[in-house]
Amino acid sequence: MTVIRSLVLFGLAALAEIGGAWLVWQGVREHRGLLWIGAGVLSLGIYGFVATLQPDAHFGRILAAYGGVFVAGSLAWGMVVDKFKPDLWDYLGAALCLAGVVVIMYAPRG
């Protein structure tokens, strides 16, 4: 159950961070305005809170592992929202990052 909870929290954190960054991007780069930017900043704050709910107590480990989730999640976001077409190297890189998440977070420790 702990691994499932951790994976759900990583997914929620990715939605909040990637979504927040995308909202800020839209507000600034696409000139959508302050409401978009404000919503993005709020979402980024939610990301920071969600990360604290991880069952592991080590900040560095959580953030390092989340980096892999962020890489894969960013590519997925781009595919769904911006119609980005990843190539083989994007997929390979994301797979390597997710393998890193598994090793960092879920390897047996003594």
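Values quoted throughout were computed directly from the atomic coordinates according to the rules given, and no laboratory measurement underlies them. Here the structure is a predicted model, which is why all the values come from computation and not from measurement. All Cβ positions, even for glycine, are placed from backbone atoms using ideal geometry, and neighbour counts span all protein chains on display.
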Yes or no: region 57-76 includes at least one residue that is closer than 19 Å to ALA16 by Cβ and in a loop (DSSP other than H, G, I, E, B). no
Scan region 68-89 for residues that are surrounded by 14 or more Cβ atoms within 10 Å (Cβ to Cβ) and touching a residue at least 24 places away in the same chain (Cβ under 8 Å) and report the count. 8
So which residues in region 1-20 are of a type in the set (A, V, I, L, M) and assigned to a helix (DSSP H, G or I)? VAL3, ILE4, LEU7, VAL8, LEU9, LEU12, ALA13, ALA14, LEU15, ALA16, ILE18
Name the one entry in LEU23, LEU53, LEU92 that is touching a residue at least 12 places away in the same chain (Cβ under 8 Å) and either in a loop (DSSP other than H, G, I, E, B) or loosely packed, with under 12 Cβ neighbours inside 10 Å (or both). LEU53
